[in-house]
Amino acid sequence: MYLFKIEVDSSEGVLTVILAAENEEQAFEEIEQHVERHFLYPPKLNEVAIVEKKRITLGAAYVIETRKG
């Protein structure tokens, strides 16, 4: 199993999603439903891209940089 860092360009802006999946195909299949559950009104997804992929092991993590303002 892998941990994917995925960037989604949507009508709500750029979203970063961390998702566990067996492979890239499954990650792309799952991403839309996870984004839809996050918003009251699902945004339009313009582009979805896998930024990083790591095998899930003890200590596997991503650092998400957020910008103020």
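Rule-based calculations on the coordinates, nothing more; no lab input. Here the structure is a predicted model, which means the values were calculated and not measured. All Cβ positions, glycine included, derive from the backbone under ideal geometry; neighbour counts span all protein chains shown.
So here's what we get for this one:
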| quantity | calculated |
| --- | --- |
| Taking all pairs of distinct alpha-carbon atoms in the chain, Kirkwood radius in angstrom | 12.8 Å |
| Net charge of Cβ neighbours under 9 Å - reference Y62; Lys, Arg +1; Asp, Glu -1 | +1 |
| DSSP-assigned coil residues among GluC sites (Glu not before Pro) in the range 29-69, each with at most 15 further Cβ atoms within 10 Å | E65 |
| Helix 24-38 axis, angle to the chain major axis (alpha carbon atoms, nearest 10°) | 40 degrees |
| Stretch in the chain that is longest and holds no chymotrypsin sites (Phe, Trp or Tyr not before Pro) that DSSP places in a loop and that have at most 13 other beta carbons within 10 Å | 1-38 |
| Trypsin sites (Lys or Arg not before Pro) within the chain, DSSP loop, no more than 12 other Cβ atoms inside 10 Å | K44, R67, K68 |
